[in-house]
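**Q** Before anything else, here's the structure in question.
The values are calculated or read from the model by the stated rules, or taken from the named source; none is laboratory data. These numbers were taken from a predicted model, which means no experiment stands behind them. Cβ coordinates were reconstructed from backbone atoms using ideal geometry, including for glycine residues, and neighbour counts include every protein chain displayed. All accessible areas refer to the heavy atoms of the entire protein, side chains included, with ligands and DNA or RNA removed. Shrake-Rupley method; radii C 1.70, N 1.55, O 1.52, S 1.80 Å.
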Amino acid sequence: MLDLFEAQVTSRQLDLAGRWLRSFGEGFYTIGSAGHEGNAAVAAALRPGDPALLHYRSGAFYCLRAALAAGRTAFPDPAFPDPAGDADEGGADDHAGPRRPDTDPGLDAAAPDPAADAADTDAADADADADAGGPDAGVVSPAGPTSPNGPAGPPADAVTWGDAAEGAGPAGGTDPEDAYAEAARDVLRGMVASAREPIAGGRHKVFGRADLAVVPTTSTIASHLPRAVGAGLALERLRRRDPAGRPVGAAPVGDVGQPPRSPWPPDAIVVCSFGDASVNHASATAAFNTAGWYDHTGLRIPVLFVCEDNGLGISVRSPRGWVEATLRAKPGIRYFAADGTDPVHAYEAAVEAAGWVRRHRRPAVLHLSTVRLMGHAGADAEAAYRRPGDLAADLARDPLLATARLLVSAGVATADELLTRYDERGWEVRRIAEEVLGEPKLASAAEVVAEIAPRRPARVARAVADAAIRAAGPGAVARAEAFSGRLPESAGPLTLAQSINAALADGMLDHPGMVVFGEDIAAKGGVYGVTKGLRDRFGAARVFDTLLDETSILGLGLGAGLAGLLPVPEIQYLAYLHNAEDQLRGEAATMRFFSSGAFRNPMVVRVAGLAYQEGFGGHFHNDNSLAVLRDVPGLVIAVPARPDDAAPMLRACLASAAVDGSVCVFVEPIALYHTRDLYAKGDGEWLADYPEPEAWAAGHAPVGRARVYGVGSAEDVTIITFGNGVRMSLRAAAALADEGVGTRVVDLRWIAPLPVADIVREASATGRVLVVDETRRSGGVGEGVLAALVDGGYVGAALRVAAIDSFVPLGPAARQVLVSEEAITQGARTLLAR
C-alpha cells in the first residue's frame, strides 16, 4: 500500500509542479492526473513487460510502473495459471467462444480439430463463466470483489519508506525511491520541453519509455485504441510461434528469413486507458467493435481496456449511467468495474481483470469511477460550469486521501508521517523541476524533425539486394513451391495487377513477419484480383479478410507493426481512406516523432485509387485526391504506373518499412491494373516482364527518384506527371513527335518525398515544363511540383494541366472534369508557342 501511496503522491506533486512552472512561463503542459491516481492500482496488477498505451491522466500509473520495473516493490508478480491447462499454447480456442464456420480464421488460426474444439470450448466457456462470477461476470462493485476467494488487496506490510521487497529485485536494480524520482524527472522534462526527456526528446509531453513498455500516445481522443487492438492481435499471433519461428501446425511456405520477434513477453497483455467521454468517439467504437468481432469469430486478442470515468469531457457531463451501459453492451468484451478512488477495490478489480485477460487471451474492459481534481488543465475555471457541491463531493473522494486513510487505519503509518512524506516528495519534485529548467531545448529545425522519418537509402538498397540473394539462393526452393513451379519471371509480360501480386508473394517469402489483410483480399483475392492466390500460398494466418472498417484496418496495421510484424493492409478504395485518415496522420506518422525512434510502426498501406475507370463508379470509386496524404510529415507516397515499376517500388517500400520503420502508402491506379496496350489496341506495350531476382538490385527504384522517358529528340518540352498521366502523356508525346516535337516524360513515381532534383534537372534540360496532374487543381500534386521548380531555381516557362475542382461524376460526364490526352497535347503546343 505504501507503494501505491508513493506513486500517487509523486503524481500529485507533479501536477502541482506543472502549475508552478506554468506560472512563470517555463511549463508548457498542465493537464494533470489529480483524481485519477487510482490508476496506480492498475499498474500494480500488471507486469512491467505488458505494453501500455496510456491517456494523459496516467501519472500515478507511470510512476508505479517505473518502480515495478526496478523490481523492488512489495507487489507480487501477477502470475495466473490457466485452470484449463496449456491450451493457450496453440491448441483449441478455449475461452474464446465457438468459431462460426463461415468466418475467416485470420491472424491467429491454428487449424484446430472441430470436434475437439467444440468440446474444449464448451468446457472452457463454463470455466470462464465460473471464473468471472456468474451472470454479472467480471463485475467488481465498489462494495467489494465478487469472489470470496479473490485477491485481498495490495500488500500493506511495508513499514519504512523504500525497503519494500528488499533484495527481491535484480542485481543492481534501481531503488524504489530513485525509481519514483526518475519517473518524476521524466515527466517534468516533458513539461518543460527538455531535449533530454527520455521518450519524445522535448517534442511533446507524453507518457512513454521503451524500457517500461509504455508506448507514447497522442492527445487525439481514443485514437490509440485501434492500435491497441492491433497490438493484441499481433502479440497473440507471435506467441503461437515456436522458438524456431514456425507457427503451430504446418509451417507456411516461405519462412526463409529471420522470424519476427515481439518486443514483449509471450504471455503479455496489452493495456490501454482512456477517459469516459472517449467512449463516444468513432475511434473507440471501432476498436471495441473490432475486438468483439474477432472474439466472436474465435480469435484471441489479449487487450485490457481501462476506462477512467470522472464523468466529464472537459465541461460536458457524461449522462449518468451512460458509460456503464455503453461498455456493458459491447459484445465479446468482458466487463469489470470498481471504484477507482478506493485503492483496495481498484487493485482487486484490476488483478481480476488483468488475470482474466492473461488466462483467456480475450478482451475485457475495466471501468473505474474516478474524480477530476484541479480542473481539466491549468487554465480551466471549473466554477464556471460546475456547482460548488459537486466540487466538494469530488474532493471528498480524493484517491490520495483514501489511500492515506487506509494506511493510518491499518497502523502502517501515522497521519503526521504521511504528511511529512507528502511534503518531502513535494520538495524533491520541486528540486528536480528546478534542475530540468536549465536543460537544453530543441534548438533547430533539424533537431525537431530528425526522428520523423529518417532515410537510409543505402541500407534500403542493400536490403533489396539481400532479398534478391535469398530469393535466388537459399529461398529458391521455397519460392518455386510458392509459385507452384511457375515463377513470374517465366510467365511472360504481366499487367500492373499481376506484377503487384507477384511482388507481394515475393515479399511474403522474404519477410516472415509480413501480413496482408483488408476487406475481401483473402478468399476473393481483392475486388480487382490483385491478392488472388496469396491466402492459398501463405495461409490464413498471414493473409486474411477484415471487417468493413478502415479505421480498424489501419489500427490493426499500427499495432502489428509496433509488435514486430510487417503489416501490409489494403484500403479498398482511396475515397474510403478519408474515413480513417487520422490513423495515418495522428498515429502512424507521429510514432517516431513522439518516441525519438524508440518505437516505430512500419507499414505499407496499399490503396486502390485515382480515376479513369471507364463506365464505373462515380467519385467513391474514382477519387482523384491525394491532398490529405501529401502534407503528413514523413509519409512515403508511391504511385506506380507501369508494371515494371510496380514490383521494384513495392520492394523498396517493404525494405524502407523494415529498415527505417517507414509508413508508406502505395497508391495503385485502378484504371491501369489490367491495361495491356499503350499506343494501339493489341500492341501490348503497357505490359512488362517480371524481373528475376538476379535483376532486383540493378532495377531498384529508390524512394524519391523519378523515371524519365525520351520521345523523339527529347529536347523541346518536359512533361512531369504520374499515375494515369504517364500513359496519357506518352501517347500525347507520340502525337507531338509526329509534329517534330521532342518530349521528355518524367514519371514522378513518388509523390512524397518528391524527386525534386530530378524535377529541376529534367525541366532545365528543355526550359519548357508542362505539369500534368490528374488530381485536383486546388491542393493537387501539381502545386507541389511547381513549388519545387521555383524553390529549385528553375527560370524557364511552365504550364499546368490539372483536373478541375470537382468530384468525379458517373459515366461519360467524368471526361468533363478530368485531364485528357487532348488537353496535354494542347498544353505542350501552348508552351512551344511562347
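**Q** Of the DSSP beta bridges with both residues in the chain, give the percent that are antiparallel, rounding to the nearest 5.
**A** Around 20 percent antiparallel, to the nearest 5.
**Q** Once the Cα atoms of helix 415-437 and of the chain are each reduced to a long axis, what angle between those two axes, in degrees from 0 to 90 to the nearest 10, is obtained?
**A** The angle comes out near 30 degrees.
**Q** Report, largest value first, the span of the C-alpha coordinates of the chain along each principal axis, in whole Å.
**A** Projected onto the principal axes, the Cα atoms of the chain cover 98, 68, 50 Å.
**Q** Let me ask you something else. Report, by chain and number, residues whose modeled amide H sits under 5 Å from the one on residue 632, excluding near sequence neighbours (fewer than 5 apart, same chain).
**A** Residues meeting the criterion, in which the H sits 1.01 Å from N, do not exist here.
**Q** Got the relative contact order for segment 700-834 handy, in percent, Cα pairs under 8 Å and 6 or more residues apart?
**A** Rounded, it is 27 percent for segment 700-834.
**Q** Could you work out what % of the accessible surface of segment 297-358 is carbon and sulfur, using a 1.4 angstrom probe and leaving DNA, RNA and ligands out of the count?
**A** C and S fraction of accessible area: 57 percent.
**Q** Relative to the compact globular guide of 2.2 N^0.38 Å, what is the alpha carbon radius of gyration of segment 551-684, as a ratio?
**A** 1.11
**Q** Enumerate the calculated ³J(HN,Hα) couplings along segment 570-579 in order (Karplus 6.51 cos²θ - 1.76 cosθ + 1.60, θ = phi - 60°), each rounded to whole Hz, writing x wherever the residue is Gly or Pro.
**A** Taking θ as phi minus 60°, the curve returns 10, 9, 4, 9, 4, 4, 6, 4, 5, 5 Hz for segment 570-579.
**Q** Additional query: What figure, in Å² to the nearest 10, do you get for the accessible area of residue 738 with a 1.4 Å probe and non-protein molecules left out?
**A** 140 Å²
**Q** What percent does the relative contact order of the chain come to when contacts are Cα pairs within less than 8 Å and at least six residues apart?
**A** Computed over the chain, the figure is 13 percent.
**Q** Same structure again: Would you please put 642-655, 480-493 in order of how densely packed they are, using the mean number of other Cβ atoms within 10 angstrom per residue and starting with the highest?
**A** Output ranking for 642-655, 480-493: 642-655, 480-493.
**Q** Please give, to one decimal in nm, the separation of the simple spin-label points placed at residue 472 and residue 435, each 7 Å out from Cα toward the Cβ.
**A** Output for this residue pair reads 5.7 nm.
**Q** Still on this structure, I have one more. Quick one: what are the phi-derived ³J(HN,Hα) couplings along segment 200-208, Karplus 6.51/-1.76/1.60 with θ = phi - 60°, whole Hz, x for glycine and proline?
**A** Working through the residues one at a time gives 8, x, x, 7, 6, 8, 9, 8, x Hz.
**Q** Using only Cα atoms, tell me the angle between helix 457-472 and the longest principal axis of the chain; keep it within 0 to 90° and round to the nearest 10.
**A** Tilt of helix 457-472: around 80 degrees.
**Q** Looking at segment 699-769, send over the antiparallel percent of its DSSP beta bridges, to the nearest 5.
**A** 45 percent
**Q** Something else about it: By how many degrees, between 0 and 90 and to the nearest 10, does the Cα long axis of helix 643-660 differ from the longest principal axis of the chain?
**A** 30 degrees
**Q** Dipole size in debye (nearest 20) for the chain around its Cα centre, Lys and Arg Cβ +1, Asp and Glu Cβ -1?
**A** With only Lys, Arg, Asp and Glu charged at Cβ, the dipole is about 2160 debye.
**Q** Something else about it: Calculate what fraction, in whole %, of the accessible area of segment 491-547 sits on carbon and sulfur atoms when a 1.4 Å probe is rolled over the protein chains.
**A** It is 47 percent, rounded to a whole number.
**Q** With all protein chains present and a 1.4 Å probe, how do 36, 619, 55 order by accessible area, largest first?
**A** If we order 36, 619, 55 from most to least accessible, we get 619, 55, 36.
**Q** Let me ask something else about it. Do any trypsin sites (Lys or Arg not before Pro) in segment 716-793 lie in a loop, going by DSSP, with at most 16 other beta-carbon atoms within 10 Å of their beta carbon, and if so which?
**A** The qualifying sites are 777.
**Q** Give the share of C-alpha pairs in each 5 angstrom bin for segment 355-470, from 0 to the last occupied bin, in whole percents, shortest bins first.
**A** Reading the bins upward from 0: 2, 7, 7, 8, 9, 11, 11, 12, 11, 6, 5, 4, 4, 2, 0.
**Q** Of 696, 54, 675, which is farthest on the positive side of the dipole of the chain, counting Cα position, with +1 on Lys and Arg Cβ, -1 on Asp and Glu Cβ, and the Cα centre as origin?
**A** 675
**Q** What is the list of residues in segment 726-770 whose amide nitrogen lies under 18 Å from a point 7 angstrom out from the Cα of residue 631, following Cα to Cβ?
**A** Output list for this probe position: 751-754.
**Q** If DNA, RNA and ligands are ignored and the probe is 1.4 Å, what is the ranking of 754, 235 by accessible area, most exposed first?
**A** Order by accessible area, largest first: 754, 235.
**Q** Any cysteines in the chain with zero other Cys Cβ atoms under 4.7 Å from their Cβ? List them, or say none.
**A** 63, 272, 307
**Q** Same structure again: Per-residue HN-Hα couplings for segment 180-197, Karplus 6.51 cos²θ - 1.76 cosθ + 1.60 at θ = phi - 60°, whole Hz, x for Gly and Pro?
**A** 5, 5, 5, 4, 4, 4, 4, 5, 5, 4, x, 5, 9, 6, 6, 5, 8, 4
**Q** Relative contact order of segment 610-699: what whole-number percent is it, with Cα pairs under 8 angstrom and at least 6 residues apart?
**A** About 30 percent, as a whole number.
**Q** Using 0.36 nm per residue of separation minus the Cα-Cα distance, give me the extension gain between residue 823 and residue 677 in nm, one decimal.
**A** Additional length available on full extension: 50.5 nm.
**Q** Enter the accessible area per residue of the chain (Å², integer; probe 1.4 Å; all protein chains in place).
**A** 36 Å²
**Q** Under 28 Å from the Cα of residue 681, which lysines turn up, not counting those fewer than eight places away in the same chain?
**A** Excluding near neighbours in sequence, the set is 532.
**Q** Right, here's the next one. Provide the packing ranking of 344-354, 546-556, i.e. peptides ordered by the mean count of other C-beta atoms within 10 Å per residue, highest first.
**A** So the order, starting with the most tightly packed, is 344-354, 546-556.
**Q** Sort 681, 532 from largest to smallest accessible area, using a 1.4 Å probe on the heavy atoms of the protein chains.
**A** I get 681, 532, largest accessible area first.
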